[in-house]
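Undergrad: Have a look at the structure that comes next, please.
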Amino acid sequence: MAKYNPFDEFIKVMESAARVMGINEEDYVTFKYPEREIKVSMPVRMDDGTLKVFEGFRVQHSSVRGPSKGGVRYHHAVNADEVRALAAWMTFKCAVVAIPYGGGKGGIICRPREMSKGELERLTRAYTDKIAANIGPSIDIPAPDVGSNAQTMDWMVDEYCKVKGESLYGVVTGKSIEIGGSKGRAEATGRGVCFVTLETMKKYGLNPADCKVVIQGMGNVGSVSAKLLAEEGVRITAVSDVSCALYNEKGLDIADIYSYIDGGRNLLDGYKGDCIKITNAELLELPCDFLIPAALENQITAENADRIKASFIIEAANGPTTVEADAILEKKGIKVIPDILSNSGGVIVSYFEWVQNLQNFYWDEDDVNAKLKRQIVNAFNDVYEAREKYGCSYRIAAYIVALNRLVTARKLRG
Ligand code: GLU
């Protein structure tokens, strides 16, 4: 992980896109610098009576196109460089899918799976107190990310409303439906991945029932993507979580695996279905039509890129492919649909949640899903056209679409 500074990787990609577009450094230099970075510490009384101090971050990369927007990651390896990159990716993600936000991201160094509910609540409330002055429905709007969920957001909105003394549901998204969450938000990132995968198949004349798909990661994004793609008749031949990967060339029983992990069993170790166990590294190198990395950053690197046998990669995680790996994949003719487009379903429905909160008028799930489909497919087509026009990769095309909108907004604001 330390070998790749994800923020440097972000700058490299942005600069490549700027070169292809032929714009001047002055047009985009501001995006090399986050607007605001906050580092906080949270003393938390643990269940065993000891006091533990946790560290956290909130980075607001840009507010050029609207308030900063992005999740809060709860992970033991989260660090300032990673959060800075994740915040910048949010700026570009919101721009490429044309929703009126800038980008932000937060992180807390912790091991959420090893903490009790009470400890997590106290940590979340302490973090919210520390950043309360700098977030808000028109300033910066946190959401769930790796290691956080609707419950985390429910505590955050409660704490924020207490601090402010008013009901401001639009301060965070990804909340439970009972307290201002949107229908369809929990599944939105995976649903978006599914729409992007199906759209790619359509563009290349592929029949979903003939496609073999491999998915790395069975967290919220990976598991929902697997479930929805399987419902479309796609053959999912391998999935994994942190403990191991499961493989069956003829296709896995995704509904069965889904109910297995949904029952609170997060590890696939005990799963007894019709499949063999392989490692995560082996999973990435399986022959397939579509590889969907849905775990963490830096999974496809210069180390293993040459051994990837997929025809397409749909990046459901943020930053799974390094810049060096990208070049290798491009030479091999593997098409990579980039994270800022593929996994944008979450933030798109976060935007719908925020709109519903501001209007106090709530939509039904079909309406949310239909609007999500329209927004993400339109973005896919914008990127597809830019790729045709500039003869570049999907990633550079997505950055071109985003940068165009960002630079225009920057110039109009003066
Ligand atoms: N954490 C998600 C992402 O990386 C969702 C962000 C949001 O909904 O604001 O896109």
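Each value in this text was obtained by applying a stated rule to the coordinates, not by laboratory testing. From a predicted model like this one, the values you see are computed outputs, not experimental measurements. Counting neighbours? That spans all protein chains shown, and the Cβs are built from the backbone with ideal geometry, glycine included.
Undergrad: With r defined as the distance between the Cβ atoms of E37 and A327 and R0 fixed at 25 Å, what FRET efficiency is calculated, to the nearest 0.05?
TA: It comes out at approximately 0.25.
Undergrad: What is the Cα radius of gyration of region 166-275 over 2.2 N^0.38 Å, N being its residue count?
TA: Ratio of Rg to 2.2 N^0.38 Å for region 166-275: 1.22.
Undergrad: For the chain, the longest stretch holding no chymotrypsin sites (Phe, Trp or Tyr not before Pro) located in a DSSP loop with at most 16 other Cβ atoms within 10 Å is which?
TA: 1-203
Undergrad: If you take the Cα atoms of region 120-172, find Rg, then find the Kirkwood Rh from the mean of 1/r over all pairs, what is Rg/Rh?
TA: 0.92
Undergrad: In addition: Which whole-angstrom value gives the distance between the alpha carbon centres of region 20-60 and region 121-186?
TA: 17 Å
Undergrad: Between L412 and K130, how many nm apart are label points set 7 Å from Cα along the C-beta direction?
TA: For L412 paired with K130, the spin-label model returns 3.7 nm.
Undergrad: Right, next: Assuming 0.36 nm per residue, please report the length gained on full extension of the stretch N24 to L358 beyond their Cα-Cα distance.
TA: 116.5 nm
Undergrad: I've got another one for you. Across 5 Å bins from 0, what is the distribution of all Cα-Cα pair distances for region 242-311, in whole percents?
TA: Computed distribution, short to long bins: 3, 14, 24, 26, 18, 11, 4, 0.
Undergrad: Which distance in Å, rounded to a whole number, links the C-alpha centroids of region 316-356 and region 385-399?
TA: 14 Å
Undergrad: Next up: Please go through region 1-93 and write out the trypsin sites (Lys or Arg not before Pro) that DSSP classes as loop and that have at most 13 other C-beta atoms within 10 Å.
TA: Here the sparse-neighbourhood loop sites are K3.
Undergrad: Starting from the Cα-Cα distance between E365 and D81, subtract it from 0.36 nm times their residue separation and give me the gain in nm to one decimal. Intermediate values should be presented prior to the final figure.
TA: Working: separation 284, 0.36 × 284 = 102.24 nm, distance 3.66 nm.
Length gained, E365 through D81: 98.6 nm.
Undergrad: Roughly what would the spin-label model give for C161 and L51, points 7 Å off Cα along C-beta, in nm?
TA: 3.1 nm
Undergrad: Counting Lys and Arg as +1 and Asp and Glu as -1, what is the net charge of the other residues whose Cβ lies under 9 Å from the Cβ of F380? Don't skip to the end; give the middle numbers.
TA: On the way: positive: K203; negative: E199, D382.
Within the 9 Å Cβ shell, the charges total -1.
Undergrad: Right, next: Could you put C161, C392, C288, C94 in order, starting from the residue whose Cβ has the fewest other Cβ atoms within 10 Å? Write down the numbers at each step before the final one.
TA: Working: C161 15, C392 19, C288 23, C94 31.
With the fewest neighbours first, C161, C392, C288, C94 line up as C161, C392, C288, C94.
Undergrad: For the chain, report the translational diffusion coefficient in µm²/s to the nearest whole number, using Stokes-Einstein at 10 °C, 1.306 mPa s, and a Kirkwood Rh over Cα pairs.
TA: On the way: Rh = 21.4 Å.
D = 74 µm²/s.
Undergrad: So, one more: Modelling each spin label as a point 7 Å along the Cα-to-Cβ direction, I'd like the Y390/I278 distance in nm, to one decimal.
TA: The modelled label-to-label distance comes out at 3.4 nm.
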